[in-house]
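First the structure, in the form of structure tokens, and then the observations on it.
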Amino acid sequence: MREVCYCGRRGDVEDRDPVWRGGHGEALRCPKCGHLDPLAQLDAAARREVFEEAERRLLQRLAGPARTGHGRERVAW
Ligand SMILES: [Zn+2]
């Protein structure tokens, strides 16, 4: 799901940083400008999927940027 932020950043919404509150995804934060997008336009199931994917990508980034750049940039889940 691609989206353009207010700051002009383009990319997958799943590449934004998930913000959790009380065990529920509350919003996705743009890594460039810090804008919080609550994804209010999505229904509960779609929202949960987006948050789970955003968390996977976040963990993947934290796990090791050294592993990217040699062919496969993304792990197939
Ligand atoms: Zn932004």
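The set of residues in the stretch 12-30 being within 16 Å of the ligand (Cβ to nearest atom) and surrounded by 15 or more Cβ atoms within 10 Å (Cβ to Cβ) consists of VAL13, GLU14, ASP15, ARG16, ASP17, PRO18, VAL19, ALA27, LEU28, ARG29, CYS30. For the stretch 34-53, residues that are within 16 Å of the ligand (Cβ to nearest atom) and surrounded by 12 or more Cβ atoms within 10 Å (Cβ to Cβ) total 5.
For PRO18, the criteria (1) under 15 Å from ARG57 (Cβ atoms); (2) modelled with pLDDT under 90 hold in every case but one, which is (2).
Could you grab me the full set of residues in the stretch 2-43 that are among the small types (Gly, Ala, Ser) and in contact with a helix residue (DSSP H, G or I) (Cβ under 6 Å, 6 or more places away or on another chain)?
Across the stretch 2-43, the qualifying residue is only GLY25.
The values are calculated or read from the model by the stated rules, or taken from the named source; none is laboratory data. What you see is a predicted model; the values in this text were computed from it and never measured. In this analysis, Cβ positions are derived from the backbone assuming ideal geometry, glycine residues included, and neighbour counts consider all displayed protein chains.
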